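Shown next, in structure tokens, is the structure this report addresses.
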Amino acid sequence: MSKIVLILMGGVSGERKISILTGEACIKALKKKKYKVKILDPQGNFINEIRKIRPNIVFNALHGRFGEDGYVQSILDSEKIRYTHSGALASSIAFDKEISKKIFIKNKIITPKYFVFNYFGNQSIYYWIKKSKINFPIVIKPINEGSSLGVYICTKKNLNNNLKKLKKYYRILVEEYIPGREIQVAIMGKNVLGAIELRPRRKFYDYYAKYSKKAKTKHIMPA
């Protein structure tokens, strides 16, 4: 009897469309290997659906919040269901940019200067920029989003307009802007799988540059 692999895909984050594309690729690959594949788009109370399916393992193809931030992982842990990718604690820490920053600094890993801006705090963002000795241009981004969602490179001229776009997050990360090449390295266990350089035609490697063919981002491998 073939093992049942349940693919979680879709979800409710801003990366829903990308998650569905990931899930569809996983379905194709797993069916080639003769696995019995089930699909679930987790929205609302989906635990009962998982219990009905009783999978041998869950392939987590969810992207963004509730999929990569430890939320769904903690649910699967409580149900004693095995799943792919990192566990609840590691996922939660890695998805939170503020916590990640603190870990980098503690372990002397070089990271851009930053501060966390609270929209409802007593001081303006310009006060904190000056206090943190960060020069323009600066980068603003949500603390807990993926795929470069809500990331803006800001000058003094466009800062206020971009700040308004992120007000729904209440707290955001503000960093100094470090220009340079975009190089990604995949690692599995202790094995380095290779380096790839991304050359976007846009200002930086944003959501559109990552996922749209029309953006014509160059993928150079080996870097």
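The values are calculated or read from the model by the stated rules, or taken from the named source; none is laboratory data. Being a predicted model, the structure only gives us computed values, none of them experimental. Note that each Cβ is placed from the backbone with ideal geometry, even for glycine, and that neighbours are counted across all protein chains shown. Note: areas computed on protein heavy atoms with side chains; ligands, DNA, RNA excluded. Shrake-Rupley method; radii C 1.70, N 1.55, O 1.52, S 1.80 Å.
The table that follows gives values for the structure above.
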quantity: Counted residues, region 74-83 - those being surrounded by fewer than 14 Cβ atoms within 10 Å (Cβ to Cβ) and either in a loop (DSSP other than H, G, I, E, B) or of a type in the set (Asp, Glu) (or both); calculated: 3
quantity: Qualifying position, being open to solvent by 70 Å² or more (accessible area, probe 1.4 Å) and either part of a strand (DSSP E or B) or of a type in the set (S, T, N, Q) (or both), among ILE187, ILE140, ILE153; calculated: ILE187
quantity: Selection from region 116-153 of residues that are farther than 15 Å from TYR177 by Cα and among the hydroxyl-bearing types (Ser, Thr, Tyr); calculated: TYR119, SER124, TYR126, TYR127, SER147
quantity: Single residue of region 1-57 satisfying the filter (assigned to a helix (DSSP H, G or I) and of a type in the set (Asp, Glu)) that is most open to solvent (accessible area, probe 1.4 Å); calculated: GLU24
quantity: Set TYR169, TYR177: member being within 24 Å of ALA195 (Cβ to Cβ), open to solvent by less than 80 Å² (accessible area, probe 1.4 Å) and out of contact with any helix residue (DSSP H, G or I) (no Cβ under 9 Å at 6 or more places or on another chain); calculated: TYR177
quantity: Some residue of region 163-175 being without any contact (Cβ under 8 Å) to a residue 12 or more places away in the chain and within 20 Å of GLY64 (Cβ to Cβ); calculated: yes
quantity: Cβ pairs under 6 Å, 6+ apart, first in region 195-223 and under 19 Å from GLY14 (Cα atoms), second polar (S, T, N, Q) and surrounded by 14 or more Cβ atoms within 10 Å (Cβ to Cβ); calculated: ASP206/SER148; TYR207/SER147; TYR207/SER148; ALA209/THR217
quantity: Every residue from region 84-131 that is free of Cβ contacts under 8 Å to residues at least 24 places away in the same chain, outside any loop (DSSP other than H, G, I, E, B) and surrounded by fewer than 15 Cβ atoms within 10 Å (Cβ to Cβ); calculated: LEU89, ALA90, ILE99, LYS102, ILE103, PHE104, ILE105, LYS106, TYR126, TYR127, LYS130, LYS131
quantity: Boolean, PHE66 is of a type in the set (Phe, Trp, Tyr), in contact (Cβ under 8 Å) with a residue 40 or more places away in the chain and loosely packed, with under 13 Cβ neighbours inside 10 Å; calculated: no
quantity: Options VAL139, VAL185: the member that is under 26 Å from GLY70 (Cα atoms), free of Cβ contacts under 8 Å to residues at least 24 places away in the same chain and out of contact with any helix residue (DSSP H, G or I) (no Cβ under 7 Å at 6 or more places or on another chain); calculated: VAL185
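The rows are residues; the columns are (1) among the hydroxyl-bearing types (Ser, Thr, Tyr); (2) over 30 Å from ILE53 (Cα atoms).
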residue	(1), (2)
ASP69	no, no
GLN73	no, no
THR84	yes, no
ILE109	no, yes
LYS131	no, yes
GLY146	no, no
